[in-house]
1. Within the range 152-175, can one find any residue that is buried (at least 16 other Cβ atoms within 10 Å of the Cβ) and modelled with pLDDT under 75?
2. For the range 40-48, indicate whether the set of residues that are under 22 Å from the mean Cα position of the chain (by Cα), surrounded by 14 or more Cβ atoms within 10 Å (Cβ to Cβ) and not polar (S, T, N, Q) is non-empty.
3. Give all pairs with beta carbons closer than 8 Å in which a residue from the range 95-107 that is in contact (Cβ under 8 Å) with a residue 24 or more places away in the chain meets a residue that is hydroxyl-bearing (Ser, Thr, Tyr); count only pairs at least 6 apart in sequence or on separate chains.
4. Considering only the range 252-342, give the helices (runs of 4 or more DSSP H) lying wholly within it that have at least 1 residues that are within 30 Å of Ala9 (Cβ to Cβ).
5. Which condition from (1) under 20 Å from the mean Cα position of the chain (by Cα); (2) of a type in the set (A, V, I, L, M); (3) in a helix (DSSP H, G or I) is the one that Ala117 breaks?
6. Determine whether Thr284 is surrounded by fewer than 22 Cβ atoms within 10 Å (Cβ to Cβ), more than 23 Å from Ala119 (Cα to Cα) and within 21 Å of the chain's Cα centre (by Cα).
7. If you take the residues in the range 205-240 that are of a type outside the set (Phe, Trp, Tyr) and touching a residue at least 60 places away in the same chain (Cβ under 8 Å), which one is farthest from Leu167 (Cα to Cα)?
8. So, Glu356, is that one assigned to a helix (DSSP H, G or I), within 19 Å of Ala171 (Cα to Cα) and more than 21 Å from the chain's Cα centre (by Cα) or not?
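The values are calculated or read from the model by the stated rules, or taken from the named source; none is laboratory data. Keep in mind that what you see is a predicted model, and the values were worked out from it rather than measured. Note that we place each Cβ from the backbone using ideal geometry, even for glycine, and neighbour counts take in every protein chain shown.
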Amino acid sequence: MDWALASVAVALLAYAAVSGRISGTSLTAPMVFTACGLLFGTEVLGFIDLSPLGDDVQTLAEATLAVVLFSDASRIDLRALRGEAAVPARLLGIGLPLTIVLGFVLALPLFGDLGWAEALLLAVILAPTDAALGQAVVMLPRLPSRVRQSLNVESGLNDGICVPLFLVVLAVASVESDRLGAASALRVVAEQIGYGALAGAIGGAAGAAALIVAGRAAHAESDWLEIVPFAAAALAWGIAHPIGGSGFIAAFVGGVAFQALRRDAVGEVGHLIEETGEILGAVTFVVFGAVLLGPALGHLTFAVGLYALLSLTVIRMAPVAAALVGTGMRRQTVSFLGWFGPRGLASIVFALMLEEDGGVTHAEQVMTAVFVTVGLSVLLHGLTAAPLAERYAGWFAAQRAKVEPSAEARPAPEIRWRRQLGARRA
């Protein structure tokens, strides 16, 4: 008997009942939902017995990432960041490439079976961050705005940046395994990126046009305006797939185009797509714990565990430190920004796409390393987000009391974070 839907519903109801109580504590939503998944999964109670390679799991994860990509891209006003883009630009332009390089270099000796393309693929999959796993960090007003917004912008943009990198490296890995010729792989990747960007531009522009027309006509119902971003994301994805483009690139480019073209038409209309992303994300983490993390823990080795730990520490923190050289950021801030680089949804989806591709010889080993790393990130970043944010906020307050202004004290344009489920609209 299939109890999967009922199990997910129980997890959602249980969290909804206590969400206000645990908000701001070390017990985060991803931790709760992943734990519920482990409990209900095949390794314990067996209520959720889905195939990790089945269409249900794949569709859920892909839909969640597409919604989050569009929502995050449309939430960040790039024009507002022109005055203070130095830190996020360094994190994305210097820290992200160095993270991939260091992850690749350390994967080679730890996983002797992996070819160079597979090691690079593992590094790319684990490069994007997910600030939702440490939400207290970007929502605590006492933290310096420059630090909060840097993490906010980084997590909102790096998964979209990593999509084309992932597609390219996956094609290279397929060539290495003789599944595709080099010319064919290059053509497929070019089509996915190019057609995906085109579809995203069309979908985002259509959504922005709908808002502009509604604002000028002044007779649109507010509830229906909330549908516009969601419909624009669906349009971008729906155009991309039939023409051979990447739906993820379409969703990301669509969000950027939507935000750039809509300007201030009608006001804020992103609540529905954000709530949808939150709910889909919660369900995804339940399924992740049940059918991905649980079985992966059964294949845990010393090399996998060590790489997961290195991925969350050295592989993340050293590149961040290098990227922030010359910014005037103090050691406490550099450490804070380096530690809060959680791995989450994007890494899960990339790993599932890797298995679906079927062209990578050691895909199972790569997936195990990814799922264990994400599971460890859910635990460690969830436990440390609130206490470390409070501790850093106290340090920052003490620094502000001094005569010399610090680099952290420089204000940054406020970028609204994803609305938490249950939070009231302004």
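1. Among the residues of the range 152-175, at least one is buried (at least 16 other Cβ atoms within 10 Å of the Cβ) and modelled with pLDDT under 75, which makes the answer yes.
2. The initial filter retains those residues of the range 40-48 that are under 22 Å from the mean Cα position of the chain (by Cα), namely none.
No, the range 40-48 contains no residue that is under 22 Å from the mean Cα position of the chain (by Cα), surrounded by 14 or more Cβ atoms within 10 Å (Cβ to Cβ) and not polar (S, T, N, Q).
3. Taking only residues 6 or more apart or on different chains, the pairs are Gly103/Ser311; Leu106/Tyr307; Ala107/Tyr307.
4. Values: elements: 271-287, 294-297, 302-312, 314-323, 331-339.
Here the list reads 271-287, 294-297.
5. So the condition that Ala117 fails would be (1).
6. Values: surrounded by fewer than 22 Cβ atoms within 10 Å (Cβ to Cβ): no; more than 23 Å from Ala119 (Cα to Cα): yes; within 21 Å of the chain's Cα centre (by Cα): yes.
The answer is no for Thr284.
7. Initially, the range 205-240 is screened for residues of a type outside the set (Phe, Trp, Tyr), giving 205-223, 225-229, 231-236, 238-240.
From what is left, the residues that are touching a residue at least 60 places away in the same chain (Cβ under 8 Å) are 229, 232-233, 236.
Values: Pro229: 26, Ala232: 23, Ala233: 20, Ala236: 18 Å.
Residue satisfying both the conditions and the ranking: Pro229.
8. Details: assigned to a helix (DSSP H, G or I): yes; within 19 Å of Ala171 (Cα to Cα): yes; more than 21 Å from the chain's Cα centre (by Cα): no.
Taking the combined requirement at face value, the residue does not satisfy it.
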